[in-house]
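Please read the structure below before turning to the comments.
FYI, it's all coordinate maths here, none of it is from the lab. The shown structure was predicted, so the numbers you read here are calculated from the model rather than taken from an experiment. Using ideal geometry, Cβ is built from the backbone for each residue, glycine included, and neighbour counts are taken over all protein chains shown.
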Amino acid sequence: MTLTKTLMIFAAAGFLAACEEGTGGGMASGGGGMAAGANDMSLVRDSRVAGKIESASMNGSTVIYTYYTDMISNDIMALDAADVYCGGLGRSNPPTITEASVGGRTLKTFAFTCR
């Protein structure tokens, strides 16, 4: 993982953790225990995108996927993956999506919580 991607993941995770604190949004399945920003591909439970997600991490109840738009061209695919993670259609809250250019490629950070 490049330094730029690592910094983006930590920045997104920290920002989202601050936004989520005190909102009471919990996950349907267990909790973290991982260090924020640590890559954990077991957080990607949708086989249709598993090989296309660049990294996955968790910070509190927020799950963060990063992916290049040349691998996942449409955010609906990432939203479907979030719903699979959360246990079914419509189970994920609306995501926060940020975008950056890394080495000439567009990298998106897709952060969500479960209902």
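Taking 0.36 nm per residue of sequence separation and removing the Cα-Cα distance, the residue 99/residue 115 pair yields an extension gain of 3.3 nm.
Charge tally for residue 69 (other residues, Cβ to Cβ under 12 Å; Lys, Arg +1; Asp, Glu -1): -1.
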